[in-house]
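Every number in this text was worked out from the coordinates using simple rules, so none of it is lab data. Because the structure is a prediction, the values reported are computed rather than measured. Using ideal geometry, Cβ is built from the backbone for each residue, glycine included, and neighbour counts are taken over all protein chains shown.
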Amino acid sequence: MIAKELVEWYRQNKRELPFRLTKDPYSVWVSEIMAQQTRIDTMLPYYDRWMKQFPNIQACAEADENSVLKAWEGLGYYRRVKMLWAGSKMIMSEFDGVFPKDYHDIKKIPGIGEYTAAAISSIAFDQPIAAVDGNVLRVIGRVLMMDRDIAKDTTKKYVAELLNQWMIGSDPSDFTQGLMELGTLICKVPTPECPRCPIKDHCLAYKSGMQSEYPVKSSSKKPGIEFYFVHIVLDDNQLLVSNDWSDGLMEGYIRLPQTDRDNTCFEVEESLFTTKHVFSHKIWNLSVVKSKLKEGADHPDYWKWIPLTEADAQPWISAHRKILFEYLKKSDFSSL
């Protein structure tokens, strides 16, 4: 009964999104990867541009790294695009460029885990395999007044097995997308819009007035706070940039030199402003300074000079691109 009511509601109320106009697995894959930890309204312009630039698996696989990184610039969680690119190459080499239909084959693709594989299987190939993300866990946690911790893999497995049973006899694609849509539009954090919910008559939390108590989730660790100097170094319209990815963040994207306070390579000429950049697991507190390299100081090989006029063509980490914009007082680099 829940499946029938959910599917009917979805078909009448779903948002008209571009990736819902096709069952092409590549399009579904791109949309799912982009939507991970990103709001739909934020990712839509990126999705549209991506699909125009890389309309199919082959186009993505044959693109150079700089192009795919640049197309993703600003979307965040940059490992996703590297895996998308690597996955396209793998499909070309191991599946003759044809996206595999088998769930276990899909999971072999770089960057595709259980959730994404299930989403592609159900949405693109109409296979009754439940895709369990945060939205789905929230809905089921409230419907069942489930005391299981949704942060645990055992809970995700339990919910997936339950939903696989609920999906039998329904349209797997609409069921999967219906649950996602329900979690996004109605069963919200922290306050769900229960009167609008198509399955409220089955929801134990709604009947008990305990929606705010569910789902159950263990508290997450607070992000660490780190302090750095960010150096803007210009010499005859050459900009000093860094390819230091030793912190494991955003490999392939250039950045301004970012150092601890006791760095001996720079002579600070002017303090400009302070800012911060928030990641999911850490916060950068940044003091932006105008500097020059000290004469005779050794500096690492991952620092290099680029023409300032070419800066816009490079893929930047978002935090440092914003800093450079602020310093140059320009909306883009096109006129430099």
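A few comments on the model shown:
- Applying D = kT/(6 pi eta Rh) to the range 144-298, where Rh is the Kirkwood radius over alpha-carbon pairs, T corresponds to 20 °C and eta to 1.002 mPa s, the Stokes-Einstein value obtained is 104 µm²/s.
- Leading residue at positive end of dipole, the range 270-324 (Cβ point charges), from ILE317, ALA297, LEU286: LEU286
- Short to long, the 5 Å bins of the Cα pair-distance histogram for the range 98-203 hold 2, 13, 22, 23, 20, 11, 5, 2, 0 percent of all pairs.
- Debye-sum result for the range 195-239 in log10 I(q)/I(0), which assumes one identical scatterer on each alpha carbon, at q = 0.21, 0.30, 0.33, 0.34 Å⁻¹: -0.85, -1.10, -1.16, -1.18
- q = 0.06, 0.09, 0.13 Å⁻¹, the chain: log10 I(q)/I(0) [Debye, one scatterer per Cα]: -0.28, -0.61, -1.04
- Over all other residues within a Cβ to Cβ distance under 14 Å of SER93, the charged ones net out to -2, with Lys and Arg as +1 and Asp and Glu as -1.
- Around the amide H of LYS294, modelled in the peptide plane, lie the amide H atoms of PHE266, GLU267, all under 5 Å away and 5 or more residues distant in sequence or on another chain.
- Two-decimal log10 I(q)/I(0) for the range 224-328, as the Debye equation yields it once each C-alpha is a single scatterer, q = 0.13, 0.14 Å⁻¹: -0.44, -0.51
- When peptides 97-105, 286-294 are sorted by average Cβ neighbour count within 10 Å, with the highest value leading, the order is 286-294, 97-105.
- Karplus-derived 3J(HN,Hα), 6.51/-1.76/1.60, for each residue of the range 260-265, Hz, glycine and proline x: 6, 5, 9, 5, 9, 7
- Residue pairs, from the table LYS14/LYS188; LYS290/LYS329; LYS152/LYS200; LYS82/LYS157; LYS70/LYS101; LYS294/LYS322, whose Cα atoms sit over 18 Å apart: LYS152/LYS200; LYS82/LYS157; LYS70/LYS101; LYS294/LYS322
- Near SER173, once Lys and Arg are set to +1 and Asp and Glu to -1 for all other residues with Cβ below 10 Å from its Cβ, the sum equals -1.
- Per-residue ³J(HN,Hα) for the range 51-58, Karplus 6.51 cos²θ - 1.76 cosθ + 1.60, θ = phi - 60°, Hz, x for Gly and Pro: 5, 6, 7, 10, x, 8, 4, 4
- Trypsin sites (Lys or Arg not before Pro) within the range 155-211: DSSP coil, no more than 16 neighbouring Cβ in 10 Å: LYS188
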